[in-house]
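Student: Structure in structure tokens, see below.
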Amino acid sequence: MVRTNFFSKQAEVTPENLGEAIQQAIEIEIATIPVYLFTYYTINRVPDQDAISGSIVQELTRAGKSLSEASAIALDLSADIMVYANKAGALIMSVAIEEMLHMALSSNLKQALAGLPQLAGKSPSTWPAFLPGHIPPFPINREKLSQDQLMTFLKIESPKPLTDPKLLAAPIPYETIGLFYKMIKDCIINNDLYYNLRSPQLLPGKGYYAQNNIDTLYYDKEHKPHFTNSEDSGDLLHVRDRESALHAITCIVDQGEGMPGAPGFEDGKVDCSKIVPDDYDDPGEKELSHFEKFARIYCLHNTLTEKFKTNGIDTDITSYFVVNVQKNPSTVNYPPNIAPVSDLLNAVYTYLFVMVENCYLQAGSTQFEIFMFGIHKSMIFILNSICGDIMKLTYEFEGQTYAAAPTFEDYAFGLVSSPKTQLIELFNIAAAVYPTINYLGQRISDLPDVPLQVEGKFNNSAGYTSIKLNTSSC
């Protein structure tokens, strides 16, 4: 992704550039989705506890502990790993789901104030990528779970400007995502803007947004289940006036950074000692902000590492449950038995954005069918399945063996046939080299046939009306 700076050094959102600012906000949210999802799929959330325990026993007995003592310690440590792997996965997926909510809320905001949101083809095209407009710029990568990757997550969601000297650069638009949204908020507060109530939005009460699913659930050491998202932390919202617009932005910022006053980084470090009320994103203090969720995973990693060292085991704990994948893999580097599967996966991923974009052109039952029978099916029953299937494949690259990983690249659909027709063709090619995915054929055939929107050309029959801002008060 090319670093995009929409504003000058003296950054200000005005009615004239409000549409660009909200589109930038949408693209900030989109940029995080492949990063979080990639890391999620590198986690084996239910690793083999017996294998972990056996490996630990061998290390402890070699260090001189008796078999009975080593077995007791190994049982405890392996249980810690099982809980950590499951919890880390649940928390990361819970954030990814809310990033999709943020994309929809920002899209509702743009639809109400500045016209059709642009979603398809907006994922990062080069890696490392950069959050559009962030100061200081820092690289974000698709890579496996590690402390370095969690630190990147914390930088993305930080409620405070980054002060690490290695990251400092000349001042440009915004220092935190929250401060960027504040500029949009200030423009909305200080200007009498026109709100389009005719064009479709993604509204609450239709079942479009579910804050939890099986992938956001984890079990603690006492085998008690925990869902990681709370019902009162936020939902879809119809943006129809100043109050609802501000409400949508507040939801996005609170879920990402926490309530106003959340501490975030202190002298470039994460405070692992305590959680304060402002670290939550909901009034009932049941759900932590994105920043604090990542902080908990980061801090627990440190705690478990020290616990292993105390018992004489100096190892990277992620080696027990994280799959070895290549950093920032590309489909063009995959061998012929994997590349077609990756192409299909990326096409399904891209089609999700095509369908969401079309939801802003369609209202009523048509929108409902696209979302419920297209987007939900694609995300839950198709994309999730292919991501799991592709990671069963391995390949050699520069002398090392890696598991194939979902690359989450934008797929360039052609204009000669519909995206769904191309999806079916891609499935047939992928299934020919990897018959394991044959079960997905009917699911793909059942998807709605949604047209590709060419930038600047929209389907007028869908009822979309172009919007102009009322700037008379500026």
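The values are calculated or read from the model by the stated rules, or taken from the named source; none is laboratory data. The structure presented is a predicted model; accordingly, all values stated were derived computationally and were not measured. With ideal geometry, Cβ positions are generated from the backbone for all residues, glycine too; neighbour counts draw on all protein chains shown. Areas reflect the complete protein model, heavy atoms only, side chains present, ligands, DNA and RNA absent. Shrake-Rupley method; radii C 1.70, N 1.55, O 1.52, S 1.80 Å.
Student: Given (1) surrounded by 18 or more Cβ atoms within 10 Å (Cβ to Cβ); (2) over 30 Å from Lys65 (Cα atoms); (3) of a type outside the set (Val, Ile, Thr), where does Phe308 come up short, assuming only one miss?
Tutor: The one condition Phe308 does not meet is (2).
Student: Among the residues of the stretch 25-34, is there at least one that is open to solvent by 10 Å² or more (accessible area, probe 1.4 Å), among the hydroxyl-bearing types (Ser, Thr, Tyr) and part of a helix (DSSP H, G or I)?
Tutor: No, every residue in the stretch 25-34 fails to be open to solvent by 10 Å² or more (accessible area, probe 1.4 Å), among the hydroxyl-bearing types (Ser, Thr, Tyr) and part of a helix (DSSP H, G or I).
Student: Turning to a different aspect of this structure: Out of the stretch 54-92, which residues are among the hydroxyl-bearing types (Ser, Thr, Tyr) and open to solvent by less than 20 Å² (accessible area, probe 1.4 Å)?
Tutor: Within the stretch 54-92, Ser78, Tyr84 qualify.
Student: Among the residues of the stretch 416-450, which ones are assigned to a loop (DSSP other than H, G, I, E, B) and in contact (Cβ under 8 Å) with a residue 60 or more places away in the chain?
Tutor: Of everything in the stretch 416-450, those that are assigned to a loop (DSSP other than H, G, I, E, B) and in contact (Cβ under 8 Å) with a residue 60 or more places away in the chain turn out to be Tyr434, Asp446, Leu447, Pro448, Val450.
Student: Do we have any residue at all in the stretch 255-274 that's closer than 22 Å to Lys206 by Cα and in contact (Cβ under 8 Å) with a residue 12 or more places away in the chain?
Tutor: Yes; the residues of the stretch 255-274 include at least one that is closer than 22 Å to Lys206 by Cα and in contact (Cβ under 8 Å) with a residue 12 or more places away in the chain.
Student: If Asp235 satisfies every condition in (1) assigned to a helix (DSSP H, G or I); (2) under 29 Å from Ile189 (Cα atoms); (3) within 20 Å of the chain's Cα centre (by Cα) but one, which is the exception?
Tutor: (1)
Student: Just the residues that are in contact with a helix residue (DSSP H, G or I) (Cβ under 9 Å, 6 or more places away or on another chain) and small (Gly, Ala, Ser), please, taken from the stretch 210-263.
Tutor: If the condition is that a residue be in contact with a helix residue (DSSP H, G or I) (Cβ under 9 Å, 6 or more places away or on another chain) and small (Gly, Ala, Ser), then Ala210, Ser233, Gly234, Ser244, Ala245, Ala248, Gly256, Gly258, Gly261, Ala262 are the ones that fit.
Student: Scanning the stretch 314-336 for residues that are at pLDDT below 95 and outside any helix (DSSP H, G or I), which turns out surrounded by the most Cβ atoms within 10 Å (Cβ to Cβ)?
Tutor: By that ranking, first place goes to Thr315.
Student: Can you work out which of the residues in the stretch 211-256 that are out of contact with any Phe, Trp or Tyr (no Cβ under 9 Å at 6 or more places or on another chain) and more than 24 Å from Met93 (Cβ to Cβ) is surrounded by the fewest Cβ atoms within 10 Å (Cβ to Cβ)?
Tutor: Glu243
Student: Let me ask another. Identify, from the list Pro137, Pro173, Pro132, the residue that is open to solvent by less than 10 Å² (accessible area, probe 1.4 Å), in contact with a helix residue (DSSP H, G or I) (Cβ under 9 Å, 6 or more places away or on another chain) and either of a type in the set (S, T, N, Q) or at pLDDT below 95 (or both).
Tutor: That would be Pro132, the only listed residue that is open to solvent by less than 10 Å² (accessible area, probe 1.4 Å), in contact with a helix residue (DSSP H, G or I) (Cβ under 9 Å, 6 or more places away or on another chain) and either of a type in the set (S, T, N, Q) or at pLDDT below 95 (or both).
Student: Could we say that Asn108 is surrounded by fewer than 22 Cβ atoms within 10 Å (Cβ to Cβ) and at pLDDT 95 or above here? Show your work before the answer.
Tutor: Working: surrounded by fewer than 22 Cβ atoms within 10 Å (Cβ to Cβ): no; at pLDDT 95 or above: yes.
So Asn108 fails the test.
Student: Taking the stretch 257-299 as the search range and keeping residues that are of a type in the set (Phe, Trp, Tyr) and assigned to a helix (DSSP H, G or I), which one is most open to solvent (accessible area, probe 1.4 Å)?
Tutor: Here the answer is Tyr298.
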